[in-house]
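Visitor: One structure coming up, written as structure tokens, with questions to follow.
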Amino acid sequence: MCGIVGYVGPRPVVELLIPGLARLEYRGYDSAGLAIQQQDSIAVIKQVGRIADLEHALSLSPLPEGHTGIGHTRWATHGAPNTINAHPHRDCTGSVIVAHNGIIENWADLRSELIAGGHEFASDTDTEVVAHMLEDLADLPLAEAVRSVMKRTDGALALVVMRASDPDLLVGARRGSPLVVGKGDGENFLASDIPAFLEHTRRMVVVDEDRVVEITKESIRITDLEGTELPLEERVIEWDLEAAEKGGFSTFMEKEIHEQPRAITDTLRGRIRRDGLVDLSELGLDPERLRIVDKVYVVACGTSFHAAMMAKYAIERWVRLPVEIDIASEFRYRDPVLDSNSLVIAISQSGETIDTMAAARYAKAQGCLLIGVTNVVDSALARESNAVLYTRAGPEIGVAATKTFTTQLVALQLLGLYLAQVRGSRDEGSLVHLAAAVRSLPKLVEEALQASTDIEDISQKFAHTRDVFFLGRSGDFPVAMEGALKLKEIAYLRAEGYAAGEMKHGPIALIEPGVLVVGVATDTHVRAKTISNMQEMKARGATIVMVVERGHEQEAEEVADHVLTVPPGPDLICTVTAVVPLQLLAYHIATAHGLDVDKPRNLAKTVTVE
Ligand code: AGP
């Protein structure tokens, strides 16, 4: 998501901030900006587009030289990607400057309060509230004012601020979003990630949760939110630049797999109320419009289609509405029966996939209610839809979808529960129970990731397997499909995902010694049936891997050569945890073959051709 870099020292700051921002490009962004401290004021320049566009704007109206400044790349969450919403943001007087990475959940309340107090807002962002709050605290030392702002804001924040009246001082704060200090000689840096300053210093200090940091060119001071000073724990960075961008992981895909707990936390943020019910009023849809829906269609491609499969099961079970799912490229040409009572949910992480866009436009032209589920703010799908539900996975660099898939599952689970609530199809108690399970997913996924080393060991045994089947029933069926797609995409193995009960109708003819069959059996009401289908595979000589919930290892061991466990949870919601071992399996098999998992052959991250 957003990237921040700040500098205090003797060098001309623009020359440091632009390359620093370029080192954070991997985080994804849609606009960029700089703020440079002058004698008694702060100059700001911002530009929608790439860093090259910002450089072009600078060449037309250069900033005066300065030695303290902040740079920011924005990945839009609140407000369209445009120059006005680009960071840094200012207060009414222009003397307080704020760059932010994250989401301020209570920004709407804070903004109304500040407007009532006479503040004028220039942007649609959540971030700008911080600048105006700091304006009201102009009498306090800057760090104390930032501590006070931190106490009044909910959500994820990494802030870097400066004030015209405090030359050569940057104050940062962190809760939920990353922030690190680069410690130089007679100069210091504050950044979202190490690559922003790695070519200048290898010494760093991590800013921990709920900490405020003050940097000048000679000093670094970290306090908690009560103002108590804390010792600095300095580390020396051993990584090179490329490794640093990958956060110490060997590939972007591995990093993104491990980012899933954070990505899911962000996707949940602000969407489950204190009373435990889901709140998607952000969709801006009249509940009456949702109540007249009599049929749901879900359209998507590839991995997003597997999220659609889970959505079908969830919406049918929780909302009791008939749901059809379609591969987007089929939907638009098969003349589906649609009308204004149809709800069409289009899922696309990029929001630009041509097949999904064509299906979405077709549905809208038929008068359907169109809800887009996408990871990219203001993407074509977001603009086309009547309502958008954003996943907040952050940019995904690896071509194979991982964190965008699990956040789609979570977003669709929230949507299913919200529809059930609005339409009264389930009692509140059961909705609260299910929402609590969704809320626990970041923790459960974290636990599922801990099996990575075991899976790596098992994967070595399958390095020479050519044929793999992934089988599951009910909520485990889309998981099996996704496991097979991951293996095809990045390890180039022939892998098929099947409904476990369908094997006996033909594909079982392919089962013989040497074939690997991965059975997913986390859905409680069909577990026994899936396990008995796996017996049928074993009887024909296949090697068996089973994914089951913890506590069911014994049943699985009776059939499987290897058992992988995931933490237990309610049916369907568990799809999110069940897919993690399959992502890891594909990843480790592909790396055992020495393949480039981030850029698999023949594939594009966003498919904009039919
Ligand atoms: C996923 O790993 C694939 N690379 C691919 O199937 C992808 O899910 C598909 O192209 C759809 O993309 P979208 O979600 O951006 O629409």
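Visitor: Within the set of other residues whose C-beta is less than 10 Å from the C-beta of V579, count the net charge using Lys and Arg as +1 and Asp and Glu as -1.
Guide: Local net charge: -1.
Visitor: Could you let me know the centre-to-centre spacing of segment 468-508 and segment 290-368, using Cα atoms, in angstrom?
Guide: 23
Visitor: Stretched out fully, how many nm does the piece from S61 to E238 gain, at 0.36 nm a residue minus the Cα gap?
Guide: 59.8 nm
Visitor: Aspartates and glutamates within cross-link reach of K246: Cα-Cα under 17 Å, excluding same-chain residues under 8 positions apart?
Guide: E25, D193, E199, E238, E254, E256, E259, E396, D596, D598
Visitor: Each label point is 7 Å from the Cα along the Cα-to-Cβ direction; what then is the distance between the points at E512 and D40, in nm?
Guide: It works out to 8.8 nm between the two label points.
Visitor: According to the square roots a ≥ b ≥ c of the eigenvalues of the Cα gyration tensor, what is the shape class of segment 251-365, taking rounded for a/c under 1.5, prolate for a/b larger than b/c otherwise, and oblate for the remainder?
Guide: oblate
Visitor: Of S281, L321, M309, whose Cα points farthest to the positive end of the dipole of segment 238-377 (charges on the beta-carbon: +1 Lys, Arg; -1 Asp, Glu; origin at the Cα centre)?
Guide: Projecting each Cα onto the dipole axis, the largest value belongs to L321.
Visitor: Quick check: residue separation of Q366 and S430 times 0.36 nm, minus the Cα distance between them. What number comes out in nm?
Guide: This chain segment gains 19.5 nm when fully extended.
Visitor: With both partners inside the chain, how many of the DSSP beta bridges are antiparallel, as a percent to the nearest 5?
Guide: Around 60 percent of the beta bridges assigned by DSSP in the chain are antiparallel ones.
Visitor: Rounded, prolate or oblate: which fits segment 3-245 when a ≥ b ≥ c are the square roots of the eigenvalues of the alpha-carbon gyration tensor, with rounded for a/c under 1.5 and prolate only if a/b beats b/c?
Guide: Rounded, because the longest to shortest axis ratio a/c is under 1.5.
Visitor: Give a residue-ordered list of calculated ³J(HN,Hα) values for segment 67-77 (Karplus: 6.51 cos²θ - 1.76 cosθ + 1.60, θ = phi - 60°; whole Hz; x for Gly, Pro).
Guide: Once θ is set to phi - 60°, the couplings for segment 67-77 become 10, 9, x, 10, x, 8, 10, 9, 10, 4, 10 Hz.
Visitor: Compute the label zone of D339 within segment 283-305: residues whose backbone N is under 15 Å from the point 7 Å along Cα-to-Cβ.
Guide: 292-296
Visitor: Treating only the Cβ atoms of Lys and Arg (+1) and Asp and Glu (-1) as charged, compute the dipole magnitude of the chain about its Cα centre; round to the nearest 20 debye.
Guide: 1340
Visitor: What's the ranking of 561-570, 477-486 by average number of surrounding C-beta atoms within 10 Å, highest first?
Guide: 477-486, 561-570
Visitor: Say R0 is 60 Å: what FRET efficiency, to the nearest 0.05, do K529 and D185 get from their beta-carbon distance?
Guide: 0.35
Visitor: Label-point separation (nm) for L137 and D154, each offset 7 Å from Cα along Cα-to-Cβ?
Guide: Roughly 1.9 nm, to one decimal.
Visitor: Show that you can apply the helix-only estimate: for the chain, add -39,500 (n - 2.57) for every DSSP H stretch of four or more residues, divide by all residues, and state [θ] at 222 nm to the nearest 500.
Guide: My calculation for the chain gives -10500 deg cm²/dmol from helical runs alone.
Visitor: Okay, moving on. If each of D454 and T93 carries a label point 7 Å out from its Cα toward its Cβ, how far apart are those two points in nm?
Guide: Calculated label separation equals 6.0 nm.
Visitor: Can you spot the lysines whose alpha carbon is less than 24 Å from K217's alpha carbon? Ignore those fewer than 8 places along the same chain.
Guide: Cross-link targets: K183.
Visitor: Checking the a/c ratio against 1.5 first, then a/b against b/c, what shape does the Cα gyration tensor give for segment 449-592?
Guide: rounded
Visitor: Residue-wise, which Karplus ³J(HN,Hα) couplings in Hz belong to segment 587-601, taking 6.51 cos²θ - 1.76 cosθ + 1.60, θ = phi - 60°, and x for glycine or proline?
Guide: Whole-Hz 3J(HN,Hα) from phi for segment 587-601: 4, 6, 5, 5, 6, 5, 8, x, 8, 7, 5, 6, 10, x, 4.
Visitor: When ranked by the protection proxy of mean other Cβ atoms within 10 Å per residue, highest first, what sequence do the peptides 487-494, 56-63 form?
Guide: The most tightly packed comes first, giving 487-494, 56-63.
Visitor: Output ³J(HN,Hα) for segment 188-200: one whole-Hz value per residue in order, computed from phi by the Karplus curve 6.51 cos²θ - 1.76 cosθ + 1.60 with θ = phi - 60°, and x for Gly and Pro.
Guide: With coefficients 6.51, -1.76 and 1.60, one gets 9, 10, 10, 8, 5, 7, 4, x, 4, 10, 4, 6, 9 Hz.
Visitor: Which angle from 0 to 90°, rounded to the nearest 10, does the C-alpha axis of helix 428-439 make with the longest principal axis of the chain?
Guide: Relative to the chain, helix 428-439 is tipped by roughly 70 degrees.
Visitor: Hey, for a label at E553 modelled as a point 7 Å past Cα toward Cβ, could you say which residues of segment 569-606 have their backbone N under 14 Å away?
Guide: none
Visitor: Within segment 254-439, what percent of beta bridges assigned by DSSP are antiparallel, to the nearest 5?
Guide: About 5 percent, rounded to the nearest 5.
Visitor: Next question. How large is the dipole of segment 449-592 about the Cα centre if only Lys and Arg carry +1 and Asp and Glu carry -1, each at its Cβ, rounded to the nearest 20 debye?
Guide: Here the size comes out at about 340 debye.
Visitor: Still on this structure: Can you tell me the length gained on complete extension of the stretch H593 to E330, counting 0.36 nm per residue apart and subtracting the Cα distance?
Guide: Between H593 and E330, full extension yields an extra 91.2 nm.
FYI, it's all coordinate maths here, none of it is from the lab. Source: prediction; values computed, not measured. In this analysis, Cβ positions are derived from the backbone assuming ideal geometry, glycine residues included, and neighbour counts consider all displayed protein chains.
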